[in-house]
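Peer 1: Sharing a structure, written as structure tokens. Questions coming.
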Amino acid sequence: MTQWLFETPTVEEGPAGQARLFYFYKIDRGITIVRNTNGQYAQVRYLMDEDYADYPEIYQGGYNHVVDDATKARLIAGGVGITESNFTQI
């Protein structure tokens with residue numbers, strides 16, 4: 001069974017700080033992908049600690065996760081903007 005490195009999607013945010021120079025600089029922020037108990041995937045920007053118990057499957061934004069072929073197929077078919085480009089074969 002093939003394993004894949006899953007990189008969560010990102011969004012570019014800015015300005016990165018208060019000073020004038022920071023207005024020209026933007027930061028990539030990871031978006032968390034969750035699966036609810038109904039099996040549906042969703043993008044979550046800000047997940048609170050108490051929300052972690054509500055989701056059986058969480059891929060925290062800004063991190064890489066190792067997944068198998070079946071999980072990769074479910075993530076792509078989940079309809080939350082995940083494509084083949086989010087995966088790298090290990």
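Bear in mind these aren't lab numbers, they're just calculated from the coordinates by the rules spelled out. Bear in mind the structure is a predicted one, so any value in this text is a computation, not a measurement. Here the Cβ is made from the backbone with ideal geometry for all residues, glycine too, and neighbour counts use every protein chain on show.
Peer 1: Expected output is a single nm value to one decimal: the length gained when fully extending between Ala53 and Ile27, i.e. 0.36 nm times separation in residues minus the C-alpha distance. What is it? Could the numbers behind the result be given before it?
Peer 2: Details: separation 26, 0.36 × 26 = 9.36 nm, distance 2.89 nm.
Full extension of this stretch gives 6.5 nm more.
Peer 1: I'd like to know which of Thr2, Pro15, Thr88 lies farthest towards the positive end of the charge dipole of the chain, counting +1 on Cβ of Lys and Arg and -1 on Cβ of Asp and Glu.
Peer 2: Pro15
Peer 1: Length gain on complete extension for the stretch Met1 to Gln89, per 0.36 nm per residue less the alpha carbon to alpha carbon distance? Spell out each step's value before the answer.
Peer 2: On the way: separation 88, 0.36 × 88 = 31.68 nm, distance 1.12 nm.
Computed gain between Met1 and Gln89 is 30.6 nm.
Peer 1: From the list [x] 40, 28, 23; [y] 50, 32, 19; [z] 34, 29, 20, can you say which value of Cα extents along the principal axes in Å was derived from the structure given?
Peer 2: [y]
Peer 1: Provide the per-residue ³J(HN,Hα) series for segment 24-35, in order, calculated from phi with Karplus coefficients 6.51, -1.76, 1.60 and θ = phi - 60°, each as a whole number of Hz, with x at glycine and proline positions.
Peer 2: Those phi angles translate into 9, 10, 10, 10, 7, 10, x, 9, 7, 10, 10, 10 Hz.
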